[in-house]
Amino acid sequence: MVSMLSKMICNARGISPLLGSILGTCVYCGLTTNAGHKFKPTGQFTTYQHIQGGTCVCPECNVMKTSQDYRRSMWAVNNSEYIAFKSNEAKHMLQNPPTPPFVMYFTKTWKKQGWPQLVTRINDSTKYFIVGFDYELVVVDAVKRDEYLEFAQSLMDVGLNKSELLTSNLKHKTYSKLNFDLDIIERLQSMKGDPLWDLCVYATRKDYDK
Ligand SMILES: [Zn+2]
């Protein structure tokens, strides 16, 4: 059983990592290696360096670091498969995570290096788990997730846009679309700033095929 993301990726995708020659500790996963690659810090990496310490990049983390796949795509991985998915599949994936242990990553920027935070975040439950959303870690409680997705879908179906869902700043005519229902408006306001709500709104599409 693999309990580290980069190894899980290499296993599931059948990748044989390129070995380096440095003996040290990996800056990403914290594991000791005798086949590490040289680590060159970049501006964006500062935070992670403080989290993990370390002196080199292990062969498996080097695979993730040197590929665009893990930032230019959304993906899920477990011990047997790697699934890359697109925006229109995000809701389905969020509701149907792979068999544990698994790791899942969402992005709306399609370029941020969010995976290092997930290196040791291996989920062993589909009822309560953590996913990456660009640089954010989002705690997913399955019951809440289903409520949020249903609420977001109902609001989008009556014509609210994503910006209104995220900010709860409603356009004038939106109030009438909601029949001035104060319970709904207050519930929407209470969602503002909840990372799980942001992810659920992102995953919801107006034309989602239910
Ligand atoms: Zn590593």
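Side notes on the structure shown:
- Of all residues in region 151-162, those that are in contact (Cβ under 8 Å) with a residue 40 or more places away in the chain have Cβ atoms under 7 Å from Cβ atoms of residues that are buried (at least 19 other Cβ atoms within 10 Å of the Cβ), 6 or more apart or on another chain, in Ala152/Leu165; Ala152/Cys200; Ala152/Val201; Ala152/Thr204; Gln153/Thr204; Met156/Thr204; Lys162/Val201.
- Residue ID - farthest from Trp75 (Cα to Cα), chosen from residues in region 3-17 that are assigned to a loop (DSSP other than H, G, I, E, B) and within 13 Å of the ligand (Cβ to nearest atom): Pro17
- Condition met for Thr47 (more than 12 Å from the ligand (Cβ to nearest atom), assigned by TED's automatic domain parsing to the domain that holds Thr109 and at pLDDT below 95): yes
- Residues that are polar (S, T, N, Q) and without any contact (Cβ under 8 Å) to a residue 24 or more places away in the chain were ranked within region 52-89; the one that is farthest from the ligand (Cβ to nearest atom) is Gln68.
- Count of region 128-171 residues, restricted to those that are within 16 Å of the chain's Cα centre (by Cα) and part of a loop (DSSP other than H, G, I, E, B), is 2.
- Qualifying positions in region 27-42 - within 11 Å of the ligand (Cβ to nearest atom) and β-branched (Val, Ile, Thr): Val27, Thr32, Thr33
- The residue list Lys177, Lys206, Lys162, Lys171 contains one member that is touching a helix residue (DSSP H, G or I) at 6+ places or on another chain (Cβ under 6 Å), surrounded by 12 or more Cβ atoms within 10 Å (Cβ to Cβ) and charged (D, E, K, R), which is Lys162.
- Gly53 satisfies every condition listed in (1) surrounded by 15 or more Cβ atoms within 10 Å (Cβ to Cβ); (2) modelled with pLDDT under 95; (3) small (Gly, Ala, Ser) except (1).
The values are calculated or read from the model by the stated rules, or taken from the named source; none is laboratory data. Since we're looking at a predicted model, the values are computed, not measured. So basically every Cβ, Gly included, is an ideal-geometry build from the backbone, and we count neighbours across all protein chains shown.
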